[in-house]
Structures are given as C-alpha cells and as structure tokens.
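Quick note: the coordinates plus some simple rules give every number you see, no bench work behind them. All values reported here derive from a predicted model rather than from experimental measurement. Neighbour counts run over all protein chains shown; Cβ positions are idealised from the backbone, glycine included.
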Protein chains: 2
Amino acid sequence: MRGIAATVLSIGLVCAPARAADLAKVESYRAQHEAAIIGQLDELVRLKSVAASPEGLAATAARLANLLKARGFDVSLLHAEKGPPVVLGSYKSPGAKHTAMFYAHYDGQPVTPSQWSSDPFSPLMRSGMLGDGLQTIDWKKTKPPFNPEWRFFGRGAADDKSSIVAFLTAWDALKATGGKPSVNIKVLWEGEEESGSPHLEQVLKNHSDLMRADLWLIGDGPVHQSRSPTLYFGARGSLSLEATIYGPLRALHDGHYGNWAPNPAAMAAELIAQLRDSEGRILVPGFGDDVRPLTDAERAAIARLPKVEGSLSREFGIGRSEGKEGLTASTMRPALNIRGLRSGQVGSEAANAIPVDASVSIDFRLVPDQTPPKVRTKTEAFLKAKGWTLVTEAPDLATRLAHPRIIHLKWGGGYPALRSDMTTPAAKAVIAAAGAAAGKPVTILPMMGASVPIYLFDDRFKVPVIGLPITNHDNNQHAANENLRLRNLWDAVGLYAAMMSNLSW
Amino acid sequence: MRGIAATVLSIGLVCAPARAADLAKVESYRAQHEAAIIGQLDELVRLKSVAASPEGLAATAARLANLLKARGFDVSLLHAEKGPPVVLGSYKSPGAKHTAMFYAHYDGQPVTPSQWSSDPFSPLMRSGMLGDGLQTIDWKKTKPPFNPEWRFFGRGAADDKSSIVAFLTAWDALKATGGKPSVNIKVLWEGEEESGSPHLEQVLKNHSDLMRADLWLIGDGPVHQSRSPTLYFGARGSLSLEATIYGPLRALHDGHYGNWAPNPAAMAAELIAQLRDSEGRILVPGFGDDVRPLTDAERAAIARLPKVEGSLSREFGIGRSEGKEGLTASTMRPALNIRGLRSGQVGSEAANAIPVDASVSIDFRLVPDQTPPKVRTKTEAFLKAKGWTLVTEAPDLATRLAHPRIIHLKWGGGYPALRSDMTTPAAKAVIAAAGAAAGKPVTILPMMGASVPIYLFDDRFKVPVIGLPITNHDNNQHAANENLRLRNLWDAVGLYAAMMSNLSW
C-alpha cells in the first residue's frame, strides 16, 4: 500500500523497520486460509511439470494461465520454436508509475522415484525433515493452524511452485483485505529453467514489448541458512562439461597389463588434480582474469551476514571446509565442482581390469564478468598445454594410436553471472518493503551461489534484477524428497504482498 | 616317453629341440578327435561353475572326479570347512621316480550376461574374435579339421577348463598311441581360484600327505602375446582395497555449497594422485623396500622375449604406455591399479550437486618378497601421514565432525607373489619337454604379471612350481565373451602329453 511509510534502508543501515499495518491484515488472512493455500500447492505439485513430461508442462501452463485470468490479469501463453509455453500475465494498477515483473519457473528437476520416500507427484505433509521420529500428517483432516515446522514434500513443492503459490495467495490476501497494488504487476512463469532456459532468450526478444518493466523480482532460490528473510542481487553463471578419457579398447587384465597399458581412471584423477586443488582453487591459468572485484557495499553486506558455518557443518556432517573465507565469500569466487566420476567397477562388482574409459562430470560456476566462451577457451588451451588431445567425437583407431592422452569434451550451454547494483532507488525500495514484511532488516546477498539465468533480464532490459527467495535452504532442491517448510511459505506471502503493495520509489 | 632323448636346455641356450617322435602320434590322435575334444570342453562349460552357483560347482567337481576315475585315477573330493570340493586325482606310473602335480581350477569368474554376445554357459564356436565379418560356426555339423583360428566362446572355455580338457585329451592320446607316463601323475583341480582360493591352504594342510609331489605344474594363464608356447616361473601376488571417501551427509547443491563443502570426488582424485603417478610408480614411501632384485638369468629371459609392445598397442588402441621399460619388465614391478571410480552421477544423469561420497577400487599386484600385511601397513601409515583418518565402518556424526578427511578402507584377503628358480633340474626338464612338444624353444617368463596363489604350493611343499599356460592372451579372461583359440588348445594337448611322458631329471 502506498499509504504506508516504508523506511528506505540505505545499504549498511540496519535499523528495524516497523511491521506494516496492512501486512498484518495479510498475515491474518493467511492464518485463516492455511488449508486452502496448501491445497493450491498440492494441486500444482500434482501437475507433473518436468522436462520428461511435455504434456505435464503444457497442462501446468494452462492451469496457471487460468489462475491469473481468474484474478483479473491479461494472460498470454508465449511460445518459442520449441519448449513449453511461457506464461505472461499483466495487471495495470490505477495510478502506478512503475511496473514490477515477478519471475518464477513452473518446471521441476527430473526425478528418480526410487530415491524418494514417497511419490514425487503425490505430495505429503510430514512433521519435519526425514529422519527419526518423523510423522506423516493427514493435513486435509487436521484443523489449522498448522505447525509452521511441518514440511510439504513433492517435486516442485519448493523449487519453484512455492513462489507461484505465494504470489497468488498474496494477491488474494490484498484483495480480500482492501489492499491495492502500488505498482503495475507483471508475471513471467517459464517452464524450462531446470533445463537451462534454452528458449527464454528467444521469447524475451520476440515479445520484448510485453516484458517492459522497471524491476524484475526473481522468485527462485532458498533464503539464507539462518532462515532469515533474504534478498539477493545476482546469481552465479553456470557451465557444464562432460569429459571422457580413453584407456584401452577393451578392459584388460590388470595383472598382465597394469603398469603398462594406461589407466583412464588414474588419468581422470590427474585431470582433476590439474584443474583444481583441494581448497577448490581453479588452476587454469588466467581463469580469474575476468573476475570483477566486489564493491565496498558488497563486501560490507557479506560481512553482516549471520554466521552459519558451524551449524551447517553439523547439519552436513563435514569436518572441514574448502578454503577459509567462509561460505558466502567462497561463493563469490568461480567454482569448479566435480559432479560425478565413473570408471570400471567398484565394490563387489570390481574386476581386476584396466577400465576402457573414465568419465568426469564438471559444473563450473561463473562470476561477473566471466563468460562461458572465455571459460571454455581458457580451459581447452590449458588442457592442450597439459598434453591432452581434445576430441569432440569418439576417437578412431588412428587417433587413439597417434595421441597419448585423449579427452572427449562435451560442453553444456551455460550462461554468465549477474551481480547488480544494490544501491539503485528500486533496490532500496525492495529492501525497505521486504523489511516491512519481515518486521526486521532482511539478509542481503550480493550474489547467490546458485545459478538462475537472470543475466538475460539485465542484459535485455537494463533494469534492476533482484532475487526474492522464499524456500528453506534444506529443501532438498534438485534431489529426492524436495520439501517446503511451512514457515517459509507463510513468510513468503507477506513478502510478496509487500512487493505488490509497499514498493515506492 | 622316457625313451625320447629330450634336450635339456640350460637357461639362455636357444637351440631348437627336435619334435619328439611319440608326440607326433599324440598330434595325429588330436587331429583325428577334434570334434570329441571340443565336445568335452562344451560339456564342461555348460556346467555353471561360478561362485554364484554352489550347485554348479559341486556338479562340476563330481563330473571331473568321474572323468578321472574312468581313466584309472584314484580320486578324492576334499573339503575345507566351506567352499566347493577340491578334486584330487592320483595315478602311479610303474617305474617312475618323480611325481608331477597338475593344478588347474574349474571355477570361472562371475558373469554379467547382458555384456555377452551369447549365453556364457551355452558355448558357441565363432570364426574369430568378435568384430566385423565374424561368423558363428555350427561345429557339430562341420567336418574336421577345424580352422585353428576359430574360437570357442563361453565362461571358463579358456580360464581354466581348457587346461582340464588338454590334460584329459593328452592322457587319452598317450593311452591310445601306446605312450606311457614317465612320472607319477597327480591332479589338483580347485573350485575357488577366482574367489582368491580362500580355503585352499586349509585343504593343502589337512591333506598334505596326498599332495606330495616333486613338481607342481600350474595349468592357468595365457601364453605370451607372441602366441609362442610359454612357461612361467612365478606369479605376482594380489591385494585388493575398496576405499570410500566421505563428503556431506546429503548431496548438496553445488551452486550454494561448492567451494565450501568438501567434494569427495575431488578428494578421490587427490587420493589417487597421492598413491601413484602417471607412469604407474607407487608413491607410498618404502613400498619397494621388500622387492627382491631380478637375477641375471631372469633379466636375460626377459631380454630374450619377442617384442610385442607395438602390436599390442595397435590391438588395444593405446597411444602410450605407462613407463618406458616395456611390457614384461613393467610387470616385474609392484603395481597399483585403479579398477573403478564411483561418485555422484555423470552424463545425462548428472545433477548440480556435491556427491555424498566417492569410491575407489584398487588392486595391488605384489612381487617377491612383499607381503600383504606389510603393504597394508605401509599404505595405511602413508595415508595417515597425508592427513586421512582411517575408519573401518561408516563414520558417525561425531567422527565426521572431528576429522577433515575420512576414508573407509576395506582390504581384500590377498596373497604374496612367487618367483621360483628357473635352473633346478626339474625346471630344466620341464623346459626341455615343453620345447620337445613345441618343436622349438619355448618362451620363458620369470614371473607372470597376473596372480595365481602358487606361493601356497612353494610355501608348503618347497618343490619347483612352474606355470604351464595354454590360452591365447586375447581370451577376454575375466570379462565378457571369454574365448579359446583352437590352435592354443591343440598346442596344449602336445604340451600336456610332453609333461606326462617326456619329463626326466
């Protein structure tokens, strides 16, 4: 609501904003509608919107379009050459001078149902994280208020359908309690984020008129591990690489040929040791040349973060960290993560053989101003300098015989990072509104460690892009048993209502 | 036959022995019975004698006992506390002053049927190695002589049932052609070699009287890659190790936690780089302290070996070797082979996550006078010095938090190597008889790179132990599509006949 005197926080100022009066009404509405809110999330999770199910993606997009239309939005389903539709909604608020675009994605990561404790698309409420003493809750038969530590399990329950439900609920709450949007509101909900958003740029380009906004708010990602409401002002970029190293044409008895025929598993270990050290430092020369230094404001924001390393170490069961600079500072650097290794067999299936090949799956995280093409060029030049022969298809016999160390590289698409200005008027308005919703200063992250393709919005529209995460950090995002902690969804309803009604700059 | 003047070769002397006259009769017998010989091998391969099938092992032992009894042998089935029976046969030759023990194993490696081109236990004749232009042969309907380049495919067809069939056929040929054994003959056929012979020592101990012999001949392993008839005078020892390295308790989003939470796949690469270099040199301090130098005779034997590195490189499709000393010389060193790596996921299944653990499967090959306990002790001391905390069960939370680098080690049983004297009278007699069968000097290997537990026989009985390999080197031993080249079996019949009838010292 425009009538609320939101305290515009300058970065570094940590006075506690007052809880906005109208947001109290929103909270009251939320408390009276807990079962209906979970019911909406339950319905959306049951729509199987994963890349393996194009019809599930299409059905979800159609359903979301209807949900927006029912709320008075103009809605389009936008298509690129391929891929699921982008849901675009628009609502013009009388008298508003700015437009806020709310981004989220309705697709979820692929699932491996055998790893789940329950069907990923038949969501379940449980009394907490999976573990000892956990109870399944028949929430439909339970009288609210629900315990805010309960968790709702299902693919997409957190990432990202929770953001969509928070948006819809905040809208309903404002309408029901007499609130009015202070900005024009647009919605962009895409269905390919978990596949790297390969067609989003084309949609943005083809429909840039429809996309015009003064601010993009990104409803994706978890809040800080301290469970404090959080905003982020950027995200790392991403670039994946699948490497295959070749040994002998057939598995060789390692008694007869070990120490003589080259072992691709040992070569994979050499490759990794060439690329990164045990503290996660990347050893490719010049890899950091394009890294833009943090600003003073960004450093200060990191220094103000609650310390979570101790509690996270206990949560994750780890006895050391890579590097000594702390969690968030470490995610300001580029990273080279080993996602997987495969060679030969282990355990009871291990045969006394030299494997035929070894696969290494790598995930680069980029920071401003690195670009995927430059990272690729530097990495390839380094590997060549280390004696590797790079191939892009399986080598034939002549190639194998001509080169001592052959590596097949298959690069993923990838995209660059974004770290946006935390001091623009719009940024200050968002920080203030979020603080008004939380009743306290929110946690400010200059850049999220994970990747979302928000550089696209910055690149094309040159307006502030700010992350509005809502899920618990321990939501098992991208893994089995994805879950949403109810307290996070309740907080999110207030946060979204504040972004609709309290933004003023 | 004693009447044959076998040329006793001193090591280093390479004059060509004459083809023994009675062995020509054996060859003629073999040529007239090719279908029956393959029929015997076919019958034995169909008996499913693998560790997963105790009843198949028992049935094979019973069948082998009957085959020996039918040939006039005294036969016992010997049992340890556990495990399949050891088939022991004995035949006393009138006037013989020495006894030769013929060892082989009737069990085969485990099979992964999906990797085979045909059922491992329904053997097939094919026109050669698997590849372009290969034909399946209906050998039962084909009139011999069979093409000696044909191959007979099935689990155990080479390793080791071919040795058993060569023994039985040589015996039959001698009997049919009026030949007489020049030595007393004993047979020990065990059923647990592919599992590391865990109960063989107990059987040898409990029945050492029955085992008494002046010479052990080991019917296992391939001939030299030059396809020349071969004898070996030792075998490397073996010791396996399964290592598991621990990362976070659950897979963590590598965007949020990469560069901070330790990556077990990267730690596995460090482990391997700590243990061995790219030339296969083992980096554990003092690892080579117990390595007994080669004798001059052993060095000379290696120097005389046909050069096969070039043709093998082409066969295996490899553009380099580990080390520069050549294939056989490299197998005189201890080895540390990486059999397998597993961590996270690769390729289309790769998730952007820090894996929870990494597994490394290692196979040590030992040389005289190394022992498994010493290797284990040195390796563990080195890993501790490198900062690893060694555990033997999965670490609990307190252990995880207390130690930065935790590694779970699971050692296999293992056994030491043997390199026996190539200059004893019995050794000279075996070399001479093998040369008589081949019609040329045979290839002499001081030690086979692969492992067979022949140290047991040397250790207990203190008599010469000599390897009598027969299979083609490219028999896919231990892998899918195991096969025996017919020429190798035909050569083996003559070799076994020579060991029965031409040994004299």
**OP:** Tell me, rounded to the nearest percent, the portion of alpha carbon pairs in segment A:333-381 spaced more than 12 Å apart.
**Re:** 72 percent
**OP:** Indicate the gyration tensor shape class of segment A:170-247 (rounded, prolate or oblate), computed on the Cα atoms with a ≥ b ≥ c the square roots of the eigenvalues: a/c under 1.5 is rounded; otherwise a/b larger than b/c is prolate and the rest oblate.
**Re:** oblate
Original post:
Hey, what's the per residue convex hull volume over the C-alpha atoms of the protein assembly as shown, in cubic angstrom?
Top reply: 174 Å³
Subject >> For chain B, calculated [θ]222 nm from helices alone, where every DSSP H run of n ≥ 4 adds -39500 (n - 2.57) >> reply: -9500 deg cm²/dmol
**OP:** Starting from one equal scatterer on each C-alpha and no solvent at all, send me the Debye-based log10 I(q)/I(0) for segment B:320-419 at q = 0.18, 0.20, 0.24 Å⁻¹, two decimals.
**Re:** -1.05, -1.15, -1.32
Original post:
Of all DSSP beta bridges located in chain A, what percent are antiparallel, nearest 5?
Top reply: 70 percent
Original post:
How far is residue B:136 from the same spot in each other copy, in nm, shortest first, if each label point sits 7 Å from Cα toward Cβ?
Top reply: 4.8
Original post:
When only alpha-carbon atoms count, how far does segment A:236-332 stretch along each of its three principal axes, as whole angstroms with the largest first?
Top reply: 61, 35, 19
**OP:** Run down the lysines and flag those whose C-alpha is under 25 Å from the C-alpha of residue A:374, throwing out any fewer than 8 positions away in its chain.
**Re:** A:205, A:384, A:386, A:410, A:462
Original post:
Mind checking which aspartates and glutamates have their C-alpha under 19 Å from residue B:69, skipping anything on the same chain fewer than 8 residues away?
Top reply: B:43, B:172, B:190
Subject >> Label distances, nm, residue A:178 versus same residue in remaining copies, Cβ-directed 7 Å point >> reply: 12.6
**OP:** Just tell me how shielded A:361-368 is by partners: mean number of partner chain Cβ atoms within 10 Å of each residue's Cβ, no decimals.
**Re:** 4
Original post:
Taking every residue in B:237-249, how many Cβ atoms of other protein chains lie within 10 Å of its Cβ, on average?
Top reply: 2
Original post:
Going by the alpha-carbon gyration tensor, a ≥ b ≥ c the square roots of its eigenvalues, is segment B:66-208 rounded (a/c under 1.5) or, if a/c is not under 1.5, prolate (a/b greater than b/c) versus oblate?
Top reply: oblate
Subject >> Share, in percent, of DSSP beta bridges within the protein assembly as shown that are antiparallel, nearest 5 >> reply: 70 percent
Original post:
Please state the Cα pair-distance histogram of segment A:137-281 with 5 angstrom bins from zero: what percent is in each bin?
Top reply: 2, 5, 9, 12, 13, 11, 10, 8, 7, 7, 6, 4, 3, 2, 1, 0, 0
Original post:
Can you give the relative contact order of chain A as a percent, counting alpha carbon pairs under 8 Å and 6+ residues apart?
Top reply: 28 percent
Original post:
Within a Cβ distance under 14 Å of residue A:343, other residues only, what is the Lys/Arg minus Asp/Glu net charge?
Top reply: -3
Subject >> Other copies of residue A:303: label-to-label distances in nm, shortest first, labels 7 Å along the beta-carbon direction >> reply: 7.3
**OP:** Return the whole-Å distance between the Cα centroid of segment B:81-134 and the Cα centroid of segment B:147-162.
**Re:** 9 Å
**OP:** May I have the extent of the alpha carbons of segment A:354-505 along their three principal axes, as whole Å values ordered from largest to smallest?
**Re:** 68, 37, 21
Original post:
What is the sum of charges around residue B:395, taking Lys and Arg as +1, Asp and Glu as -1, for the other residues whose C-beta is under 13 Å from the C-beta of residue B:395?
Top reply: -1
**OP:** Would you please classify the overall shape of chain B from the alpha carbon gyration tensor, given that a ≥ b ≥ c denote the square roots of the eigenvalues, rounded means a/c under 1.5, and beyond that prolate means a/b larger than b/c while oblate covers the rest?
**Re:** prolate
